[in-house]
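Okay, so here's the structure we're looking at.
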There are 2 protein chains.
Amino acid sequence: MLGEPRIGDVFGELLRDAYAVETGIGPRPLVGGRLPRPVIEIIERDDGLINGAPAAHYLAGPDDWQPYDHRAVDRVTGSVLDIGVGGGRIALHLQARGVPVTGLDVSPGALAVCRRRGVRDLVLGTVDEHATGDRRYDTLLLLGNNLGLIEGRHRAAGFLGALAALARPGARIIAHGTDPYGTTDPVHVGYHESNRRRGRLGGQLRLRLRYRELGTDWFDYLVCTPEELAELVHGTPWRLTDVDTADAPYYLATLRLA
Amino acid sequence: MLGEPRIGDVFGELLRDAYAVETGIGPRPLVGGRLPRPVIEIIERDDGLINGAPAAHYLAGPDDWQPYDHRAVDRVTGSVLDIGVGGGRIALHLQARGVPVTGLDVSPGALAVCRRRGVRDLVLGTVDEHATGDRRYDTLLLLGNNLGLIEGRHRAAGFLGALAALARPGARIIAHGTDPYGTTDPVHVGYHESNRRRGRLGGQLRLRLRYRELGTDWFDYLVCTPEELAELVHGTPWRLTDVDTADAPYYLATLRLA
């Protein structure tokens, strides 16, 4: 098969290069060894859709955030676990405000960038792995669309259970999601229908990330409505207590430990 | 096989969206139906390397060109065939200077964008197809790295022969190329070596382009040194008369009909 990537730390390499472009620290990617090459994350979907997105937003300061990110950090209380800390933009902001925050990520390269940028408390691993330890938090953040980590029906109870194991009594999840069904684009509408025919949620995306010679394995990433989320939460230790749709189709969901 | 694209007019769709973003004419691509989505061309290589590049440069005016593009258009004489006219940036500039210019492209969508932008004389097809007609030119332009259309040893004589059939007596080719061998990046150095082991030129890239759900077939695109070019030109109706390396590793090659 032509053009198959090598499995590796896609996100880490991407962030390292984005950080080099932003700061001049480390070699910057070049075209022909001369002109700067933009750092672009590539996202493939299993139906053949592919999109590129400039990586700079992973390092963006609050002035360049979307409004829902500001409202999300304003809802934080107590000690915080930033799940999928990425380039550390949220963790750095909370840390500067004096909020105790831990950054969690499966990407060693992402954690290296966070460390260089000054994030002090970092953990490498999945939520399941971290939940086997003894650290507990008051706020669990799933920003940057990371509500998607719920994956789908098969994974929701396990994922939310691991989050419950990481939670102090009364803890909350603050999660950023997107309603996927506002589109009339046949590429997306057809994908949602094909998903449902296979017993999947409409917005249960099967994706892989690529950067230069590296790719991830294919993984599920869930884009769902607040109503679908409510169904997935039902029967778990969490209650969906608030949905902020001020920036629809994007929303912030707040879940509280029942 | 997960994630295989549908074959289609990748370049035309890309340019149509880039044009919509630039002008507000036609629907602009959005993320979640709300935030603007950057228009990014995705280039896959057969070893698994993938790169994204913002498409805006295809529509850029002279103020945003690289210096070699300015020197290329300053070398033009007589009637011009702009091979791979793309978004029409070179053709529009020549047209505004009163130079008779024909834009040739295999992408119907690219020609549609050129037409809307005001390029008057456009032909759909390959150089071989166009050479079967009776139009002849004084200058044949291969800008935007389109020296790559030589593909490799198997295609060089045929391609240069078709260009000769399109040429008036004394005509010149002005072509933009890149020396691929200045890099020490193991991803590229290894690719060059693997190519040579298979009897290909080191910089004979096997690529496909992708945009959203569309992809091209895999094709060869040659990145070669002026010395390799000289060998490929040998025995054809053309003579390599000048190589401008002021912006190395990029160069402008001038070939004259022998």
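Just so you know, in the stretch A:70-86 the residues that are in a loop (DSSP other than H, G, I, E, B) and of a type in the set (A, V, I, L, M) include one that is least open to solvent (accessible area, probe 1.4 Å), and it is A:V85. Take A:D105 and tell me if it is out of contact with any helix residue (DSSP H, G or I) (no Cβ under 7 Å at 6 or more places or on another chain), over 30 Å from B:R6 (Cβ atoms) and charged (D, E, K, R). No: the conditions fail for A:D105. For the stretch B:199-224, filtered to residues that are of a type in the set (A, V, I, L, M, F, W, C), within 10 Å of chain A (Cβ to nearest Cβ) and under 12 Å from B:D46 (Cα atoms), the residue that is surrounded by the fewest Cβ atoms within 10 Å (Cβ to Cβ) is B:W218.
When A:E228 is tested against (1) more than 9 Å from chain B (Cβ to nearest Cβ); (2) open to solvent by 40 Å² or more (accessible area, probe 1.4 Å); (3) on the phi < 0 side of the Ramachandran plot; (4) in contact (Cβ under 8 Å) with a residue 24 or more places away in the chain, only condition (2) is not met.
So is A:T102 part of a strand (DSSP E or B) and either in contact with a Leu (Cβ under 6 Å, 6 or more places away or on another chain) or away from every other protein chain (no Cβ under 14 Å) (or both) or not? So A:T102 fits the description; yes. Within the stretch A:32-52, identify whether any single residue is in a helix (DSSP H, G or I), surrounded by 14 or more Cβ atoms within 10 Å (Cβ to Cβ) and at negative phi, and answer yes or no. No, because not a single residue in the stretch A:32-52 is in a helix (DSSP H, G or I), surrounded by 14 or more Cβ atoms within 10 Å (Cβ to Cβ) and at negative phi. Across the stretch A:202-214, a minimum of one residue is classified as among the basic types (K, R) and at positive phi. Go through the stretch B:10-23 and give me each residue that's out of contact with any Leu (no Cβ under 7 Å at 6 or more places or on another chain) and open to solvent by 50 Å² or more (accessible area, probe 1.4 Å). Within the stretch B:10-23, B:R16, B:V21, B:T23 qualify. Within the stretch B:44-55, not a single residue is more than 13 Å from chain A (Cβ to nearest Cβ) and in contact (Cβ under 8 Å) with a residue 60 or more places away in the chain. For the stretch A:174-198, the set of residues classified as in contact with a Ser or Thr (Cβ under 7 Å, 6 or more places away or on another chain) and crowded, with 20+ Cβ neighbours inside 10 Å consists of A:I174, A:D179, listed by residue number.
With the structure loaded, tell me whether A:A164 is of a type in the set (A, V, I, L, M, F, W, C), more than 14 Å from chain B (Cβ to nearest Cβ) and buried (at least 16 other Cβ atoms within 10 Å of the Cβ) or whether it fails that test. Yes, satisfied. Per the conditions (1) within 12 Å of chain B (Cβ to nearest Cβ); (2) surrounded by fewer than 21 Cβ atoms within 10 Å (Cβ to Cβ); (3) at pLDDT 95 or above; (4) not in a helix (DSSP H, G or I), the sole criterion not satisfied by A:P27 is (3).
The values are calculated or read from the model by the stated rules, or taken from the named source; none is laboratory data. Given the structure is predicted, the values throughout are model-derived calculations rather than measurements. Virtual Cβ from ideal backbone geometry, glycine too; neighbours counted across all protein chains shown. Calculation scope for accessible area: heavy atoms of the full protein, side chains included, ligands and nucleic acids excluded. Shrake-Rupley method; radii C 1.70, N 1.55, O 1.52, S 1.80 Å.
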